[in-house]
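Written out below as structure tokens is the structure these notes cover.
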Amino acid sequence: MNVQAPAAASDSAAASAEMPVIRTVGVIGAGQMGNGIAHVCALAGFPVVLLDVKQEALDRAMAVMGRNLDRQVNRTLISELDKLEALARITTSTDYAAFGDCDFVIEAATEKEDVKRAVFKTLVPHLKPSAMVASNTSSISITRLGASTDRPEKFIGMHFMNPVPVMKLVEVIRGIATDEPTFQAIQALSRTLGKTTAVSEDFPAFIVNRILVPMINEAVYALYEGVGSVVAIDTAMKLGANHPMGPLELADFIGLDTCLSIMQVLYEGLSDSKYRPCPLLVKYVEAGWLGRKSGRGFYDYSQTPPRPTR
């Protein structure tokens, strides 16, 4: 399947020929976000190369994708054949050389700038000159990340929401050097994946997390200061604001380490005390209580139903 940004009616044939075509997609990171991105790309018809440094992470990702595709089959959203064909389009690897033929590679590593920079340093020597690169970062400067590569003009932010197969939004963020053909190609790719885009300027945390994560941080402050218990805070926001998840339950779902990283980016990037991470959030992360993925956060997930930890 080809994805090509449509040329304006006034564009010349030569100009339209310069628009990037995406035939093969690479995904770096086989965690929750990476396997979700691989899932939707493969289901949309793209051959996908999924990379992780650990083979066991790749094996887990394939199993998760299989289960998630089964759910879609059971809900009659896709057919059994769609599922089998999607899984067949995914190749896994621990070697960055596997990205040599990719037209587009998206990084979905942990939300730490030094980790992402190291990923891009390893990646770019293996890419063909025309390949575009994106980061799924939820908060870090696209301009800064793009400048760490050999192709800032072909670098862009493409922030998927979690869980990727379910959520319809993709934030698209241009760095200062991102060129128009790359922007249009990623807009077109998003549409092909069945997503709606929201275009954000390259400010810390972009749109969604600029609004969402400070709300979560304020909920943690309410808990820290004894305004309410975990259950009271989550119940208040679910029933009082019609949120599908309470903010502390949502924090556990996102990952408390990710929430803390985003708050640190906001605090450092905007120099405003209203973005200071709550000390209790810091303590939970220091304790390794990262939420669902570690089995314990504001709730203890070793029990059914999960029990509040505070």
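Nothing in this text is a laboratory measurement; each read-out follows from the coordinates by a stated rule. From a predicted model like this one, the values you see are computed outputs, not experimental measurements. Please note: Cβ atoms are built from the backbone with ideal geometry, for glycine as well, and neighbour counts cover all protein chains shown.
For residue 290, the amide hydrogen comes within under 5 Å of the amide hydrogens of 296, counting only partners 5 or more places away or on other chains and with H modelled in the peptide plane.
Taking the alpha-carbon centroid of each part, what is the distance from the range 21-91 to the range 112-170 in angstrom? Spelled out, the Cα-based centre of one part sits 19 Å from the other. For the range 221-310, count all C-alpha to C-alpha pairs, find those more than 18 Å apart, and express that count as a whole percent of the total. Everything past 18 Å amounts to 45 percent. With Cα atoms as the point set, the chain shows a radius of gyration and Dmax of 20.0, 65 Å. Think of it as helices only: each DSSP H run of n ≥ 4 in the chain is worth -39500 (n - 2.57), and spread over all residues that comes to -13500 deg cm²/dmol at 222 nm. Neighbours of residue 264 by Cβ distance under 11 Å: Lys/Arg scored +1, Asp/Glu scored -1, total -2. When only the Cβ of Lys, Arg, Asp and Glu is charged (+1, +1, -1, -1), the dipole of the range 3-200 relative to its Cα centre reaches about 360 debye.
The loop-placed GluC sites (Glu not before Pro) in the range 151-207, going by DSSP, that have at most 12 neighbouring Cβ atoms within 10 Å of their Cβ come out as 201. 3J(HN,Hα) along the range 98-103, derived from phi through the Karplus expression 6.51 cos²θ - 1.76 cosθ + 1.60 where θ = phi - 60°, amounts to 5, 8, x, 9, 6, 8 Hz, with x in place of Gly and Pro. Database remark: amide H of residue 50 closer than 5 angstrom to the amide H of 27, 91, 92, 93 (H placed geometrically; neighbours at sequence offset of 5 or more, or on other chains; Pro and chain starts carry no H). Phi angles of the range 282-291 translate, via the Karplus equation with coefficients 6.51, -1.76, 1.60 and θ = phi - 60°, into HN-Hα couplings of 4, 4, 4, 5, 4, 7, x, 8, 9, x Hz per residue; Gly and Pro are given as x.
Checking the cross-link pairs 112/283; 83/128; 83/195; 128/154 against a 21 Å limit on the alpha carbon distance flags 83/128 as lying beyond it.
A cut-off of 5 Å between modelled amide H atoms, ignoring neighbours fewer than 5 places along the same chain, links residue 107 with 28, 134, 135, 136. Karplus-based coupling profile of the range 262-269, in residue order and whole Hz: 5, 5, 5, 4, 5, 5, 6, x, with θ = phi - 60° in 6.51 cos²θ - 1.76 cosθ + 1.60 and x standing for Gly or Pro.
Counting only DSSP beta bridges with both residues in the range 3-200, what percent are antiparallel, rounded to the nearest 5? Provide the component values of the computation, followed by the final result.
Details: 7 of 31 bridges.
In the range 3-200, DSSP labels about 25 percent of beta bridges as antiparallel.
Bridging of residue 238 to aspartates and glutamates at a Cα separation below 15 Å is possible for 249, once same-chain residues fewer than 8 apart are set aside. Who wins for biggest fluctuation among 133, 115, 220 in a Gaussian network model of the chain, springs between alpha carbons below 10 Å? Sorting by GNM fluctuation, first place goes to 115.
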